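Data first, discussion second: the structure below is written as structure tokens.
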């Protein structure tokens, strides 16, 4: 199981990030001192957010019900963490800003195209030197 999760992370297989999120949740519940609460929250929310962005990537694959289900989970995770952590205001603002971004990407094809062009450029810039 951990070898598969390592492959998912190493290959940046975004469509499997849900499984990676479940794995992180399972491992950090078994070994809570592995990550701080804040690190765990950021990692889990980041994986879920990356998956949502991938689902928004093209108009043809943007399944609104699936995206909304993921946004609901992000919102629920954020609400749970807000009550536990000192950085709750940051989380709430991030949640709100992310939902706004997703709505913009879904509603404005030119904005979506520009966003993903920039994302792809930055991704190449950051990851290709290490490949």
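Derivation of every value follows stated rules applied to the coordinates shown; laboratory data play no part. Bear in mind that the values here come from a model prediction, so they are computed numbers and not experimental data. Methodologically, a virtual Cβ is constructed for each residue, glycine included, from the backbone with ideal geometry; neighbour enumeration extends over all protein chains shown.
Things to note:
- Available extension along the chain between residue 123 and residue 65 is 18.1 nm, counting 0.36 nm per residue and deducting the alpha carbon span.
- Note on residue 92 and residue 50: their simple-model spin labels are 2.8 nm apart, each label 7 Å out from Cα toward Cβ.
- Equivalent ellipsoid, the chain (semi-axes from 5 times Cα gyration tensor eigenvalues, Å): 25, 20, 14
- Sorted fewest first by neighbouring Cβ atoms within 10 angstrom, 104, 78 come out as 104, 78.
- Two-site FRET efficiency, residue 2 against residue 110, from Cβ-Cβ distance with R₀ of 30 Å, rounded to 0.05: 0.10
- The mean sequence distance of close C-alpha pairs (under 8 Å, at least 6 residues apart), as a share of the length of the chain, puts its relative contact order at 18 percent.
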